[in-house]
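The values are calculated or read from the model by the stated rules, or taken from the named source; none is laboratory data. Note that the structure is predicted; figures quoted are calculated from it, not measured. Cβ: placed from backbone, ideal geometry, glycine included. Neighbour counts: every protein chain shown. Side chains included, ligands, DNA and RNA excluded: accessible areas come from the protein's heavy atoms. Shrake-Rupley method; radii C 1.70, N 1.55, O 1.52, S 1.80 Å.
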Amino acid sequence: MRLTYPHMGEAYIAVKAMFDDLGIESIIPPFSTDSTLRLGAKESPEGICLPFKIMLGNYVKSIEEGADTIVITGSCGPCRFGYYGPLQKLILQDMGYDVDMIIIDPPKEGIAKFINNIRRLSGKTGFKTYKVFMDAYKICEKIDELNQVQYFVRPRTKDKAKVNSIIHNFKSQVLKLKGSREISNMIDKTKEELLSLNIDMDANPIKIGIIGEIYTIIDPFSNLNAEERLGNMGAEIHRSMTIRDWAENNLIKPLRREKPYEMEKRLSKPYLPALIGGHTQQCLGHAVNYALSGYDGLVQIYPMGCMPEIVSRSILPQIEKDYGIPILYLIVDEQTGEAGYQTRLEAFYDYVENRKRRLS
Amino acid sequence: MLILLCYSIDAQQKTVVLVVSKIDPIGIPRQKDWRLVTNPCLKNLFTVNNTSCKEVIFLSVRIGVPRGMYFYKFYPFTKRFLTELGAEVVPSPPTNKEILDLGSRYCIDDACLPVKVYHGHVEHLKDKVDYMLIPRLTSIVPKEYICPKFGGLPEMVKYSIEGLPKLIDVEINMYKSRKNLINALYRVGNMFTKNPYRIKRAADKATREQMIYDNGLLKGELPSKYIDETDMPRSKTSPLIGIATHPYLLYDNFINMNLLKKLSNKGIKFFLPEMLEKKIIEEKCKIFEKRMFWSSGKDLIGSALYMMENSKIDGVLMLTSFACGIDSLSIDLIQRLGRKKSSKPFMVITLDEHTGDANFNTRLEAFLDLIDRRKAN
Ligand code: SF4
Ligand code: SF4
């Protein structure tokens with residue numbers, strides 16, 4: 001069994017750590033590029049959301065490198081993501097690839113099934129698997145920390161190119177490592193490197209929160225590196241959802257019988273008192289939370305045609321009004337042009353920056 | 001309980017006219033000498049003014065029901081239920097150019113066509129009614145959702161259109177159990193009466209009405225017969241084509257360029273998803289290893305697969321809306337699964353607010369030609 005899985009931002013790092021520790025051979029698809037997307041888009045239904053197309057491209061590239069089994073998480077929420085797996089499998093079959101697909105539904109669809117799926121993958125006893133799983137979760141926590149450092153340093157140093165090269169270097173070097181311990185050390189080292197740059201501690205950059213559809217905010221390829229772009233302009237950014245945050249709320253908390261996403265639900269309730277699918281409550285909840293925490297602006301990113309985020313998009317103007325926080329709405333798909341995208345980000349940055357100066 | 005809304009006093013004759021209602025309407029028909037009562041208290045009025053009451057006018061509230069989304073699925077129930085409780089139900093007129101334009105103006109740009117049309121209906125209706133019924137249809141079948149946009153519909157409308165009347169945005173969520181529907185009905189009923197038996201009676205009558213409607217559609221009747229009391233002569237001869245789509249595209253004659261009428265005029269019979277029993281749809285959807293958790297996708301896939309496999313049906317036409325998330329996936333699934341088994345003429349026509357009649361006709365003709373040619377062989 002040669003496993004592979006789709007890219008979603010830094011997820012590959014934690015998943016790699018987990019499979020390495022379990023001693024399972026896995027193939028990480030080559031980093032998503034335009035050719036990945038083109039490949040995926042060609043075989044996908046036209047109107048489907050961007051993540052579907054990129055993931056499909058990932059699979060094809062992995063299969064070409066010898067993968068025969070795809071692992072993805074599923075979901076039975078009212079969104080298309082729950083049906084990605086079955087349709088992608090059909091498409092791959094029609095393309096002539098005979099692959100197995102293991103869809104791990106979250107524990108709330110049945111804990112027994114969840115554990116069984118994990119067993120099927122690992123072939124190990126429960127305890128070992130549990131430990132490996134928690135180690136992978138720790139990696140997720142560390143990646144979050146590393147990102148926090150990155151977000152903090154980028155607007156405060158003149159050496160922005162250096163920050164970017166350290167991060168890019170980290171992302172590719174990780175591929176050469178094996179197991180959670182080595183990866184963990186590498187993360188620490190990278191953090192040190194970032195902190196040893198020349199940082200202006202008195203700077204007071206504008207703060208921008210990133211909200212929207214989970215895949216397109218986590219995966220830098222899908223959002224044309226929005227984080228890096230904003231950081232380079234001089235904004236300190238924060239991303240509302242991360243792999244760790246997802247794992248905590250969907251895997252850890254249900255196993256501990258705790259309620260997931262409490263803050264998000266509480267804060268989004270006045271605007272949307274029901275669960276409608278996707279991550280609408282998270283998007284709105286974080287928007288309010290950022291506004292309350294003194295952020296200067298928000299960027300909502302979602303794929304063209306994303307159903308839940310279109311609902312958020314209709315509600316966000318009210319939050320914009322209620323809290324007086326400017327919001328930039330970015331829709332991404334395979335046709336998104338880089339130049340226009342950069343211009344919009346720059347215009348928004350300037351607007352927020354001026355506004356902040358005016359208000360203070 | 002009656003609420004006194006306004007009164008007028010005739011000082012000479014020492015009489016008073018009272019306008020009362022069971023529920024607090026907003027747009028009361030104002031007459032110039034009517035005085036609005038903000039804190040209703042009948043007794044005070046009589047003692048203060050020392051007049052006798054000449055006349056009591058009962059005013060029913062007008063509840064607007066926008067003709068969009070699942071209107072054609074549930075209107076008979078809605079109408080009967082609210083009427084029984086004493087409300088006047090005001091549906092918006094069938095979609096027209098003006099309504100569609102309003103919809104595109106008020107709704108956010110990247111929404112799907114039905115949601116835009118719905119916004120248009122709300123905007124059109126908002127000044128004509130006291131309340132507007134925009135239910136949150138999160139789930140109408142246990143363990144299934146409809147589509148995220150149905151769940152967020154009240155909010156999409158609320159934050160896009162200003163000056164709305166009060167909304168009845170009761171949530172119907174049968175995901176966990178059907179009981180939730182009963183609670184929702186009581187919540188609405190309580191606006192009119194505190195008597196649970198009256199609510200139950202209204203609900204029972206409404207259910208019966210809905211059953212008659214559903215059975216009618218199952219036999220091949222069209223909603224307009226029940227809702228607008230107009231019927232359309234239909235062809236009884238072959239060919240028979242199946243039309244798989246959502247009710248808000250199928251029965252909105254403006255949006256679908258009068259498809260049903262056009263077909264009938266050409267002497268073509270059609271088979272619609274509503275003519276299929278739920279059982280069959282469930283059966284067809286078993287082909288997925290993973291349970292289908294969207295009612296709208298399930299109905300679509302189930303009926304399309306049925307139509308493709310049934311030998312009496314000569315071709316399958318699918319209507320879809322631009323930017324429909326559910327369809328983008330469902331139609332691909334249908335094509336991949338169904339077309340392996342069937343080589344019938346199959347066509348997808350995408351509708352959006354710019355679809356022109358000429359354009360639509362060309363596509364339709366092409367499809368019908370395919371069928372003719374197939375039949376001739
Ligand atoms: S949340 Fe948006 S992007 Fe994700 S599956 Fe749903 S429609 Fe697609
Ligand atoms: S099912 Fe499609 S057309 Fe209907 S509301 Fe949802 S996205 Fe729009």
Please give the total accessible area that chains A and B bury against each other, computed with a 1.4 Å probe and expressed in Å² to the nearest 100. 3200 Å²
Within straight cross-link reach of residue B:176, meaning Cα distance under 17 Å, which aspartates and glutamates are found once same-chain residues fewer than 8 apart are removed? A:109, B:144
Rounded to the nearest 10 Å², the accessible area of residue B:286 using a 1.4 Å probe with every protein chain kept is 140 Å²
Between region B:58-118 and region B:296-327, the alpha-carbon center distance in angstrom: 25 Å
Using alpha-carbon positions, what is the distance between the centroids of region A:133-168 and region A:204-270, in Å? 15 Å
Return the single residue from B:111, B:202, B:366 with maximal mean-square fluctuation; model: Gaussian network over chain B, springs between Cα atoms under 10 Å. B:366
Averaged over B:103-109, how many beta carbons belonging to a partner chain fall within 10 Å of each residue's beta carbon? 2
Given a 1.4 Å probe and every protein chain left where it sits, what share in percent of the accessible area of chain A is carbon and sulfur? 51 percent
Debye, to nearest 20: dipole size of the protein assembly as shown, +1 on Lys, Arg Cβ, -1 on Asp, Glu Cβ: 2360 debye
Relative to the longest principal axis of chain A, what angle (0 to 90°, nearest 10) does the C-alpha long axis of helix A:50-64 take? 40 degrees
State, as an integer percentage, the relative contact order of region B:62-218 based on alpha-carbon contacts under 8 Å between residues 6 or more apart. 26 percent
Rounded to the nearest whole number, the Stokes-Einstein translational diffusion coefficient of region B:232-376 at 10 °C and 1.306 mPa s (Kirkwood radius, C-alpha pairs) in µm²/s is 103 µm²/s
State, as an integer percentage, the relative contact order of chain A based on alpha-carbon contacts under 8 Å between residues 6 or more apart. 18 percent
Crossing angle, helix B:97-106 versus chain B [Cα axis fit, 0-90 degrees, rounded to tens]: 80 degrees
How big is the antiparallel share of DSSP beta bridges in the protein assembly as shown, given as a percent to the nearest 5? 15 percent
Tell me the Rg and the Dmax, in Å, that the Cα atoms of region B:188-293 produce. 17.9, 54
In this model, which of A:53/B:290; B:290/B:375; B:116/B:236; B:97/B:200 are farther than 28 Å apart at the alpha-carbon? B:290/B:375; B:116/B:236; B:97/B:200
Loop trypsin sites (Lys or Arg not before Pro), region A:252-360, which have at most 13 other Cβ atoms in a 10 Å radius of their Cβ (DSSP): A:256, A:257
Region B:288-350: which trypsin sites (Lys or Arg not before Pro) are DSSP loop and have at most 16 other beta-carbon atoms within 10 angstrom? B:290, B:291, B:312, B:339, B:340, B:341
For residue A:162, the lysines lying under 27 Å Cα to Cα, once residues fewer than eight places off in the same chain are dropped, come out as A:16, A:138, A:142, A:171, A:176, A:178, A:189, A:191, A:207
Restricting region B:266-304 to GluC sites (Glu not before Pro) in coil, as DSSP defines it, with at most 12 other Cβ within 10 Å: B:277, B:289
When the solvent-accessible surface of protein heavy atoms is calculated with a 1.4 angstrom probe, in what order do A:55, A:263 fall, highest first? A:263, A:55
In degrees, nearest ten, helix B:71-84 long axis to first principal axis of chain B (Cα): 20 degrees
So the carbon and sulfur contribution to the accessible area of region B:127-222, 1.4 Å probe, in percent, is 55 percent
In terms of the alpha carbon gyration tensor, root eigenvalues a ≥ b ≥ c, rounded if a/c is under 1.5 and otherwise prolate when a/b exceeds b/c or oblate, the protein assembly as shown is oblate
